[in-house]
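These notes concern the structure reproduced below.
The values are calculated or read from the model by the stated rules, or taken from the named source; none is laboratory data. Keep in mind that what you see is a predicted model, and the values were worked out from it rather than measured. All Cβ positions, even for glycine, are placed from backbone atoms using ideal geometry, and neighbour counts span all protein chains on display. Quick note on the areas: whole protein, heavy atoms, side chains included, nothing else; ligands and nucleic acids left out. Shrake-Rupley method; radii C 1.70, N 1.55, O 1.52, S 1.80 Å.
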Amino acid sequence: MRYNERELLSLARQPAEKAAEVLMRLPKKGSVLKKRLVKLVVNFLFYFRTDEAEPIGALLLEQCRIIKEEENVFSISFVEEPERKYCFECDSEEQCQEWIEALKRASYEFMRRSLIFYRNEIQKMTGKDPLEQYGISEEARFQLETRKQ
Amino acid sequence: MKLNERSLAFYATCDSPADNAGFLYKRGERHTAYHRRWFVLKGNMLFYFEERESREPVGVIVLEGCTVELCDSAEEFAFAIRFGGTKSRTYVLAAESQAAMEAWVKSLSRASFDYMRLVVRELEKQLEEMRWGPAGGCGGCRPLPGSWKPKPSGSERSPERLLALPTVLPKENGCAVWNNAPGADRPPDTSSCGGYDSEGNPRPPPLPPRRRASSSEAGSAVVAAAESPSIFCRLHEQYGQEVARLRQDWLERRRGPRP
């Protein structure tokens, strides 16, 4: 699949929501835990070799599951292939929990659901659509439609 | 750089809502020929397929940091997606009608994660202000008699200053409904991302924590809560009630035993 790599690399250089050195294992058979710098920017998790400026990879965090594995360890897997897990071992349980929380909220889809929820709540409380003042009430992405499974 | 392409392809074709979809002509990178492609916009990702029925996209344009503008082209209804870097490629697309072009330009220019985050934060702030009152006091409050007026930036106020309240406190504060139980009417937490709970019902998401640009992790949620202007209102209420009780006790003691 073609993609605009230059822009993605540029995104990887921007200030991160969250960044840390962790041990990471890819879902490939025979993979071992390796020390990596992971960086959360918008809905991407970039991972770097610790001394390099350019990431070796990026994970788009949509349609994914963040699961607590054993102590200090969490995994990211994707809905269509739940057995293929990217594993991350943190320095502490606290750090592990923080990453799980941050990654769960990192998707565009999560934000969209939050927005729809707030919009609905405000509308219930005030009778007014809070998006009207911005002229974006009719935008497809903000609509209160029921989501299909 | 590796990308989770299989998951990307799934995201492009799964039935999560698309923010826009339709045929567009895409100008080739080196050649000026246009190719008709089926485009699907989901979040900040613009996927394009060879055909509408194709099972996998040919490519994707990550839209973060782009600007969208109309452009001069021999092709009618053309517009461009531009990025900031010096060697960045500009994607020139053309719609099949004026209306389609306008709809695409609108939806693409608001497609970034940053934009969505901005709107979410704005609504989150509005909701908090409605529940807890705006910074430094309540929007609907009458000023307290004795001329103590809360200042707009009240979050640094120390408890000692709050005790210097006027002699008579109003019985009702005239403010919007305050709920002093934190989290009482907050939505339940989600236990997974990706859209669906175990029963298949969409759960309302929790209020997201205030995000910080720095990479420091420890206590960021706690710090964020302390910075919230709504904390001041709750403290004001609590100290006000305490003061009222103390004052009542003091008055009764002063009056002494009744004859």
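Any residue at all in the stretch B:34-57 that is of a type in the set (A, V, I, L, M) and more than 25 Å from the chain's Cα centre (by Cα)? Among the residues of the stretch B:34-57, not one is of a type in the set (A, V, I, L, M) and more than 25 Å from the chain's Cα centre (by Cα), which makes the answer no. A count restricted to the stretch A:41-65 and to residues that are surrounded by 22 or more Cβ atoms within 10 Å (Cβ to Cβ) and polar (S, T, N, Q) stands at 1.
Looking only at residues of the stretch A:13-40 that are outside any strand (DSSP E or B) and at the interface with chain B (Cβ under 8 Å from one of its Cβ atoms), we find that the one that is least open to solvent (accessible area, probe 1.4 Å) is A:16. Out of the residues in the stretch A:107-142 that are assigned to a loop (DSSP other than H, G, I, E, B) and at the interface with chain B (Cβ under 8 Å from one of its Cβ atoms), which is surrounded by the most Cβ atoms within 10 Å (Cβ to Cβ)? If we take residues in the stretch A:107-142 being assigned to a loop (DSSP other than H, G, I, E, B) and at the interface with chain B (Cβ under 8 Å from one of its Cβ atoms), then A:107 is surrounded by the most Cβ atoms within 10 Å (Cβ to Cβ). Considering only the stretch B:1-19, how many residues are open to solvent by 30 Å² or more (accessible area, probe 1.4 Å) and either charged (D, E, K, R) or closer than 23 Å to residue A:141 by Cα (or both)? Adding up the residues that qualify gives 7. Kindly provide the set of residues from the stretch B:62-87 that are at pLDDT 90 or above and within 11 Å of chain A (Cβ to nearest Cβ), ordered by number. Of everything in the stretch B:62-87, those that are at pLDDT 90 or above and within 11 Å of chain A (Cβ to nearest Cβ) turn out to be B:62, B:63, B:64, B:65, B:66, B:81, B:82, B:83.
Against the list (1) over 18 Å from residue B:95 (Cβ atoms); (2) assigned to a loop (DSSP other than H, G, I, E, B), the condition residue B:12 fails is (2).
Residue count for the stretch B:24-52 under the criterion of being more than 7 Å from chain A (Cβ to nearest Cβ) and crowded, with 17+ Cβ neighbours inside 10 Å: the result is 16. Take the conditions (1) facing another protein chain (nearest Cβ under 8 Å); (2) among the β-branched types (Val, Ile, Thr); (3) open to solvent by 40 Å² or more (accessible area, probe 1.4 Å); residue B:90 misses just one of them, which is (1). Against the test of being part of a loop (DSSP other than H, G, I, E, B), charged (D, E, K, R) and at the interface with chain B (Cβ under 8 Å from one of its Cβ atoms), the options A:71, A:54 yield a single qualifying residue, A:54. Residue B:58 meets all of the listed conditions (1) more than 25 Å from residue A:112 (Cβ to Cβ); (2) more than 11 Å from chain A (Cβ to nearest Cβ); (3) not charged (D, E, K, R) but one, namely (2). With respect to (1) within 8 Å of another protein chain (Cβ to nearest Cβ); (2) open to solvent by 60 Å² or more (accessible area, probe 1.4 Å), the lone exception for residue A:91 is condition (1). Considering (1) without any contact (Cβ under 8 Å) to a residue 40 or more places away in the chain; (2) loosely packed, with under 15 Cβ neighbours inside 10 Å, the lone condition that residue B:55 does not fulfil carries the number (1).
Residues in the stretch A:94-106 that are open to solvent by 10 Å² or more (accessible area, probe 1.4 Å) and touching a Cys at 6+ places or on another chain (Cβ under 8 Å): A:104, A:105.
Of all residues in the stretch B:38-85, those being part of a loop (DSSP other than H, G, I, E, B), among the aliphatic types (A, V, I, L, M) and closer than 21 Å to residue A:63 by Cβ number 2.
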